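Participant: Before we start, here is the structure in question, set down as structure tokens.
The values are calculated or read from the model by the stated rules, or taken from the named source; none is laboratory data. Worth saying up front: this structure is predicted, and the values here are computed from it rather than measured. Glycine also receives a Cβ, built like all others from the backbone with ideal geometry; neighbour counts cover every protein chain displayed. In case anyone asks, the SASA skips ligands and DNA or RNA and just uses the protein heavy atoms, side chains included. Shrake-Rupley method; radii C 1.70, N 1.55, O 1.52, S 1.80 Å.
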Amino acid sequence: RVALRAALRTVQDLSRLSGRIVLGVAGPRELLALKDSLTALPEIATQLTPLVSLQLAEAREAWDDGRDLAELIEQALQPEAPMSLRDGGVIRDGYHADVDELRKANTEGKHWIAALEAKERERTGIESLKVRYNQVFGYYIEVTRANLKSTPADYLRKQTLANAERFVTPELKDWEARILRAEERIEQREAEVYADVLQQVGARVDSLLATAV
């Protein structure tokens, strides 16, 4: 009984989870909770095996242990996926080629941006030059007023501050557009892949509910 109770503690409310899945509103953490619940079923079955109750034996034999669904969720979702799909980072690396490719493009773009500051400091001789980002203006190169005379001809003024000027270059604008496109596509593609996983799990809701009973 102690071992059975320990195994049952891992199982969450399958009826509630199944209902949210079939409605298409289950979040990533709820799918992971379903995976954990299904993973516990073999141990529960083992603990029930010695019992002589006909009712328990019949119930156990009728179970859909959902092993394939647990494997699907394991392969598809990050183990530390966020509560909401909107937070991103839900689909596991290696599960879907499109998501992997878009993440690679996004990472390459950000690596280029990260290296830009050192590159531009060396090119201009401005040691205080900074490459920064904010949600209003995007990526920019910031130069203090004392160093404005050293800015190259390809620097395009973007914003004037009290003690500095912010610039962009055609190359920086191009990389920014690539990064933003990749981020937008990642969000869209993750949502599509997640919806497919949810649909596959939802197709088995009836048998999951039978197991829950």
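Participant: Tell me the residue from ILE126, ILE113 that is open to solvent by less than 70 Å² (accessible area, probe 1.4 Å) and under 16 Å from ALA177 (Cα atoms), please. Break it down stepwise before answering.
Facilitator: On the way: ILE126 fails: under 16 Å from ALA177 (Cα atoms).
Criteria check complete, one pass: ILE113.
Participant: Among what's in segment 166-208 and is more than 23 Å from TYR95 (Cα to Cα) and not in a helix (DSSP H, G or I), pick the residue that is most open to solvent (accessible area, probe 1.4 Å).
Facilitator: Among those residues, the one meeting the criterion is ARG166.
Participant: Of the residues in segment 115-150, how many are without any contact (Cβ under 8 Å) to a residue 24 or more places away in the chain, of a type in the set (Gly, Ala, Ser) and within 18 Å of PRO170 (Cα to Cα)?
Facilitator: Qualifying residue count for the region: 2.
Participant: With ARG103, ARG145 as the choices, which residue is exposed (fewer than 15 other Cβ atoms within 10 Å of the Cβ) and charged (D, E, K, R)?
Facilitator: Just a single option satisfies the conditions, and that option is ARG145.
Participant: Within segment 1-19, how many residues turn out to be open to solvent by 40 Å² or more (accessible area, probe 1.4 Å), in a helix (DSSP H, G or I) and either under 18 Å from ASP64 (Cβ atoms) or small (Gly, Ala, Ser) (or both)?
Facilitator: Final tally of qualifying residues: 5.
Participant: Would you tally the residues in segment 55-72 being surrounded by 12 or more Cβ atoms within 10 Å (Cβ to Cβ), over 16 Å from ALA33 (Cβ atoms) and hydrophobic (A, V, I, L, M, F, W, C)?
Facilitator: Residues in segment 55-72 being surrounded by 12 or more Cβ atoms within 10 Å (Cβ to Cβ), over 16 Å from ALA33 (Cβ atoms) and hydrophobic (A, V, I, L, M, F, W, C): 4 in total.
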